[in-house]
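To start, the structure under review is shown below, and the notes come after it.
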Amino acid sequence: DAGVIQSPRHEVTEMGQEVTLRCKPISGHDYLFWYRQTMMRGLELLIYFNNNVPIDDSGMPEDRFSAKMPNASFSTLKIQPSEPRDSAVYFCASSLARTAEQFFGPGTRLTVL
Amino acid sequence: KQEVTQIPAALSVPEGENLVLNCSFTDSAIYNLQWFRQDPGKGLTSLLLIQSSQREQTSGRLNASLDKSSGRSTLYIAASQPGDSATYLCAAHPISNFGNEKLTFGTGTRLTIIP
């Protein structure tokens, strides 16, 4: 398996623009997690899905953030409109079960100017 | 609320030495504890996962231990190599009555192995 795949790897955009981050989990993993990492706050869980259904989105910072998982092999995290304080590295991770080992993708480094 | 602490924040040791990284957590009610490494500009790589019923796990030169009663886990790296230089993070998976457990990460220890 190729592991968790994320795209793009880097994204630079201007304030107010819409940003869409993409993730393909490991095949067979029922859980998908979106994290954000910053120097100030470390790793934060934004939202996670089980069998394509959002279970806990309490970590999503604002209504500008939304996430979908239309099928078992694809998820998106969208920020609309983006702001400079959204600049961070966004990671996607997947696992076989809720408390099982999590495997992370390489991340998307987002810079909002 | 579970809190995970890693001290020191940074550590430098000469190549070849054995070393120990520390992880402390405040709530002993956990399913498991996972150790990761993160290279600069990269994602997290899972190293070891210790279930709450286990005392330790080994993978190659790495050995992770878990002592729930004291709220501590250690990652032992034998015969360190320059390629071991990275940031090491531990994460505890707390048990919750609400079924919405979230992996709680420490802030990491940045390890530098000096050739």
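The values are calculated or read from the model by the stated rules, or taken from the named source; none is laboratory data. Note that this is a predicted model, so its numbers are computed, not measured. Neighbour counts run over all protein chains shown; Cβ positions are idealised from the backbone, glycine included. Areas reflect the complete protein model, heavy atoms only, side chains present, ligands, DNA and RNA absent. Shrake-Rupley method; radii C 1.70, N 1.55, O 1.52, S 1.80 Å.
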Check your understanding: For B:K102, which aspartates and glutamates qualify as cross-link partners when the Cα separation must be under 14 Å and same-chain residues fewer than eight apart are set aside?
Key -> A:E44, A:D56, A:D57, A:E101, B:E3, B:D27
Practice item. Quick one: work out the % antiparallel among DSSP beta bridges in the protein assembly as shown, nearest 5. Key: 90
Revision key, fill the gap. On protein heavy atoms with a 1.4 Å probe, the accessible surface that disappears when B meets A, both sides summed and given to 100 Å², is 1500
Review point. Over the alpha carbons of chain B, what is the largest minus smallest coordinate on each principal axis, giving the biggest first in Å?
Key: 48, 28, 20
Check your understanding: Quick one: if you stick a label point 7 Å off each Cα along the C-beta vector at A:S66 and A:N52, how many nm between them?
Key -> 1.8
Practice item. Tell me which residues come under 5 Å, amide H to amide H, from A:D56 once H is placed; ignore anything under 5 positions away on its chain. Key: A:Y48
Practice item. Report relative contact order for chain A in percent, whole number only (criteria: Cα-Cα under 8 Å, sequence separation at least 6). Key: 37
Review point. How are the Cα pair distances of the protein assembly as shown distributed, in percent, across 5 Å bins from 0?
Key: 1, 7, 14, 18, 18, 17, 12, 7, 4, 1, 0
